[in-house]
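Please treat every number below as a calculation from the coordinates, not as lab data. These figures come from a predicted structure and were not determined experimentally. Using ideal geometry, Cβ is built from the backbone for each residue, glycine included, and neighbour counts are taken over all protein chains shown.
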Amino acid sequence: MNWITKIIKAGEKIKTAIHKRASKEDIANSDWTSCCKGPILKKDLEKNLWVCPDCNKHHRIKPNQRFDILFGKNNYEIFRTPIPKDDPLEWSDSKSYKDRLKSARKKTGLNCGMMVVAGSINNIKVTAVASDFDFLGASMAAAEGEAFLYGIQYAIENNTPFLCISAGGGMRMMESLISLSQMTRTTLAINDLKAKNLPYVVCITDPTAGGITASYAMLGDIHIAEPGALIAFAGARVIQGTVKEELPEGFQKSEYVEKTGFIDLIVERKKLSEKIGTLLSILLKKNSAISTDENEITQDTQSLSKVAS
């Protein structure tokens, strides 16, 4: 008997039970999760690509689930990326960094917070990376930097576009300046990719913040975001305390960020593969309508406008 069955037998309201009685671990191991109208079966949410059918909330998902949606179920190659020495600074607070890494690896099945793969969208070979928020909040450290650089190098060597599915709260404090240096390293790697005229497309998911927003998540040729995704550098309370004025409602959500010009498109999860495929066809000039130099600028613009509409 799982935890929710016990609660139902005890006669307590399910919604109240989920919020007051269940631990995160209980919910993670059960068949249920919670959204706008209370409990919802995970299998029902999964059928809708982990998007709530009532409020359209795009729930956080794992890298392999994202790649299943984009490339097809298990229709991609997963790479083993280099793993630097754990805990280079021998960090410890309430728990040692090595223990935190051990727990994160057990929870996610990943060696670091990023997964790098190669697959195809619209018959275009793509190298892609996605972050797992369950791995220490998808924060960026040396291992994640190595994974990102591995993906970029593979894309260059194999002449493929690079797709980054961003998430995370920023740089990982347990690695201090080593972590912060990943902002520079990823930026330089992206410059190498662009020097080869290979597209760099970013899909921003909830949440993308801190040094991730301040580096590789905002360097794309095209920036796509999922609906309702948090896109920020500093927290809303920090900003409000600094500027000493009320901030617009939802000013760090993807819809507001699109209006202010920081992202190009908001695309629902079910349409991501199609949209990305179309954009890559345009950027790589695989669309017959833009195959001539004479029509290059005007047709590119028209095609991108059609994709956005």
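A compact table of results
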read-out	value
Formal net charge of residues neighbouring K270 (Cβ-Cβ distance under 12 Å; K, R +1; D, E -1)	+1
Segment 70-85 - phi-based ³J(HN,Hα) in whole Hz, Karplus 6.51/-1.76/1.60, Gly and Pro as x	6, 10, x, 3, 6, 9, 7, 9, 9, 9, 8, 9, x, 10, x, 4
Three-way shape label, segment 59-308, alpha-carbon gyration tensor, a/c 1.5	oblate
Cα-Cα over 28 Å, subset of K47/K196; K47/K98; K43/K73; K62/K125	K47/K196; K47/K98
C-alpha center-to-center spacing [segment 61-129, segment 185-252] in angstrom	20 Å
Gain in span if fully extended, S96 to C55, counting 0.36 nm per residue against the direct Cα distance	10.8 nm
Net +/- balance of residues flanking A147 in space, Cβ distance below 13 Å, scoring K and R +1, D and E -1	-1
Residue order, fewest to most surrounding Cβ atoms within 10 angstrom, among S273, S139, S92	S92, S273, S139
Total formal charge among the other residues, if their Cβ is under 15 angstrom from that of A138, Lys/Arg +1 and Asp/Glu -1	+1
A214-E25 FRET efficiency (beta carbon distance; Förster radius 45 Å; 0.05 resolution)	0.85
